[in-house]
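Only one structure is covered here, and it is reproduced in the block below.
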Amino acid sequence: MSKESNSMNASSAAERFFRLYRLHCVDPNRDTLFSVLEAAHSLNDRLKIGHDVEFFDLQEFSALKCLRNFFHHQEELRHTVRVVPAGNYPIITDLMILCLVPSAIVESAVEETRERHREATRQACNAVFHWYGTVVNINPALFNFVVGAYERMNAAGISLSGEAFQEFEASYRYEEDHDHAHRIDGRIATRAGDLDQLLVHKVNTEGL
């Protein structure tokens, strides 16, 4: 395959990635979440081939890829993930959606990682996922990865297009023009008792 074809494939993968992320933002559920994780995995492969660009040095990517690989081979466990509106909780947080995964699943995913990458993956999961007792919120890591992916591709001069990408770029430029941070903290604050117990109860009883 020619270099031009590889570059076009990378651009198409980027367009698909932003389109699926937009869908996850406006109409989120487990399917949209895993579609974005799969698209991120594919995008990294296409960029490596077409532009010698990759995301493995981004901790968010390493952590999310770890989960993607685990669920890819353990699909029956996808039902343990909960994607719920933050408005369903008496909490304050940066994002409107929580993507909650049992912490035991994240730990199992790390253990399934190849030994030479396991410790780095563990550190990435601990750093970028938000842990609350027996549940983990991964949505802030996904949000920040999308920002990092955009910056990496933009710096490499990769041709990006599509309505979803244009919307993301417009939001990024608006933040830049108004001196707003591009990345979020995403941590949860609440005045409604024990946060860990609240989230565990929701994971066990609710979800989309």
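The table below lists the values:
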item	result
Three-way shape call for region 56-167 based on the alpha-carbon gyration tensor, with the a/c threshold at 1.5	oblate
Kirkwood Rh and Cα Rg combined as Rg/Rh, region 13-58	1.03
Mean Kyte hydropathy of -1.0 or more with a Cα span along the axis of at least 27 Å, helices from DSSP in the chain	3-26, 30-51
Gyration tensor verdict on region 23-113 (Cα atoms; rounded if a/c is under 1.5, prolate if a/b is larger than b/c, oblate otherwise)	prolate
Share of carbon and sulfur in the accessible heavy-atom surface of the chain [1.4 Å probe, %]	47 percent
Computed [θ] at 222 nm, deg cm²/dmol, the chain (DSSP H ≥ 4; -39,500 (n - 2.57); rounded to nearest 500)	-20000 deg cm²/dmol
Computed P(r) (all Cα pairs; the chain; 10 Å bins; percent)	8, 34, 36, 18, 3, 0
Overall form of region 94-156 per C-alpha gyration tensor (a/c, 1.5; a/b vs b/c)	oblate
Phi-based couplings in Hz for region 89-97 (Karplus 6.51, -1.76, 1.60; Gly and Pro marked x)	10, x, 9, 10, 7, 6, 10, 7, 10
Whole-number accessible area per residue in Å² for the chain, which is evaluated in the context of all protein chains at 1.4 Å	52 Å²
Sequence ranges 151-161, 170-180, ranked by mean other-Cβ count within 10 angstrom, highest first	151-161, 170-180
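The values are calculated or read from the model by the stated rules, or taken from the named source; none is laboratory data. Worth saying up front: this structure is predicted, and the values here are computed from it rather than measured. Cβ coordinates were reconstructed from backbone atoms using ideal geometry, including for glycine residues, and neighbour counts include every protein chain displayed. Surface accessibility is based on the protein's heavy atoms, side chains included, excluding ligands, DNA and RNA. Shrake-Rupley method; radii C 1.70, N 1.55, O 1.52, S 1.80 Å.
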